[in-house]
Amino acid sequence: MDHCAQPQLLPIDDALTRLLAQLVPVQEQQSVALLDALDRVLASDVIAPVNVPADDNSAMDGYALRAQDSPGQLQLIGESLAGHPFRKEIKQGQCVRIMTGALIPAGADTVVMQENVLADGDSIVLNESSPLGNNIRRAGEDIAHGSKVLAAGHRITALDIGLLASLGLAQVKVVRNIRVALLTTGDELLPAGAAPELGKIYDSNRPLLRALLQRLPVELTDLGVIPDNPDALRNAFTQAMQTADVVISTGGVSVGDADYTKDILAELGEIDFWKIAMKPGKPFAFGRLGKGWFFGLPGNPVSTAVTYHQLVVPALRKLSGETQEVTTQTQPVRSAIARHALKKQPGRTDFQRGIVEYQNGIYYVRSAGLQNSGVLTGMANANCYIRLEAERGSVAEGEQVEIILFDSFIV
């Protein structure tokens, strides 16, 4: 039995359910330029103000004419180009040269491919009939005026930017960014670029989290590295809780003599839970801090990354108003065959880092390297988690396991 499999440890699925049940999405809205709206969450439905396409237009290069005039010889009276329409009405026995995307002239009701036409000076010859409406894109065929294009709570993707631009929208109404305060604790931490010191390590957690938080609609305040001093930590938390919707810290949530985060949190706010039956990442604190929320992540970098991905990301997505179900199970889950044995003790859900390959319709997975929570190279090389159930023991080569493919919130 895993020595950490203690009854008071909260299963990760229960922790996430309990956490999400308490969060209320931010209600404030703001208008932003469309080009600044990537990954923002829509505050209201987008209703199409125009048709897309705006008018009937040609689906290919050819000739616009009246279907009833084919087959036969027709008089060529002009051309219709994209952005430069032919403005007269086509009458019996007439046609217009037309290009892809160009407006269908008045009177025309079909387009004949240029390959099916014999051009002869100011006339063309058609040897076959052309069906009514052939090769014509109808107005509103893609998006109809007045239709719902995107719903409130939808997180805007790059493709959505193009879609909204096709409607002529220069701005969209979104939920305001979540205000996040970030800090790291530890006397042993050095900033990047500093000279090495005996007994010290470089702070990797804060740069990691700063990068990951860019994938979410947040406004970040970086409070830096806070020393292992209760007064310093209390001051940092007091500062953060004035304006932040969420305070995220790393380190200081274990049971060591210098781990003050849990005590200060209990003093200034309230703790909901602080130990989870997951590996890596057992010491994880969640609770209230002022009017906002607090997430205390473990100090080891892999534990920081995994708990952030599995617990903090769903929380921030809900707070931002995203309506898609935000649980760990929204991440792509597959069954895979273990290429080699995997060590595990029953007791905690284990998120081992793996490398998955797809061959002949089957997923195969292998370990990404050392699984120690302080070894970040294994996670950097991985493309999935090997999610081993709490009650499961070691895995033999060839056994089936569950994998969760990495998504854009972790890579």
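Read-outs throughout are calculated quantities, based only on the coordinates presented, and are distinct from any laboratory measurement. A quick note: this is a predicted structure, and the numbers were derived from the prediction, not measured. Glycine gets a Cβ as well: all are built from the backbone with ideal geometry, and neighbour counts include every protein chain shown.
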Inset, instruction - May I ask which residue of ALA336, PHE294, ALA266 lies farthest towards the positive end of the charge dipole of segment 261-344, with charges of +1 (Lys, Arg) and -1 (Asp, Glu) on Cβ and the Cα centre as origin? - result: ALA336
Inset, instruction - With springs only between Cα atoms under 10 Å apart, run a GNM on the chain and tell me which of ASN127, ASN383, ASN177 wobbles the most. - result: ASN127
Legend entry - Neighbour-count order for CYS384, CYS95, fewest beta carbons within 10 angstrom listed first: CYS384, CYS95
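Of ILE404, ILE77, how do they rank once you tally other Cβ atoms within 10 Å and put the fewest first? The partial results should precede the final answer.
On the way: ILE404 21, ILE77 16.
Final ranking by Cβ density, sparse to dense: ILE77, ILE404.
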Legend entry - Where a label projected 7 Å from the Cα of GLU270 along Cα→Cβ would reach, residues of segment 13-50 with amide N under 14 Å: 22-23
Legend entry - DSSP beta bridge pairing in the chain, given as percent antiparallel to the nearest 5: 70 percent
Legend entry - Spin-label model distance (nm) - SER335 vs SER44, 7 Å beyond Cα toward Cβ: 4.8 nm
Inset, instruction - At q = 0.15 Å⁻¹, work out log10 I(q)/I(0) for segment 105-210 with the Debye formula, treating every Cα as an identical point scatterer and leaving solvent out; two decimals please. - result: -0.90
Legend entry - GNM flexibility winner over the chain from HIS84, HIS154, HIS340 (Cα, springs under 10 Å): HIS84
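Test of understanding: ordering MET99, MET379 by Cβ neighbours within 10 Å, fewest first, what list do you get?
Details: MET99 17, MET379 24.
Fewest-to-most ranking of MET99, MET379: MET99, MET379.
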Legend entry - Once the Cα gyration tensor of segment 331-405 is diagonalised, semi-axes √(5λ) in Å: 17, 15, 11
Legend entry - Rounded, prolate or oblate (a/c below 1.5 giving rounded, otherwise prolate when a/b exceeds b/c) for the chain by Cα gyration tensor: prolate
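If each DSSP helix of 4+ residues adds -39,500 (n - 2.57) and the sum is divided by the residues in the chain, what number results at 222 nm, nearest 500 deg cm²/dmol?
Values: 8 runs with 67 residues, N = 411.
Counting only the DSSP helices, I get -4500 deg cm²/dmol.
Rounded, prolate or oblate: which fits segment 57-137 when a ≥ b ≥ c are the square roots of the eigenvalues of the alpha-carbon gyration tensor, with rounded for a/c under 1.5 and prolate only if a/b beats b/c?
It comes out rounded by the Cα gyration axes.
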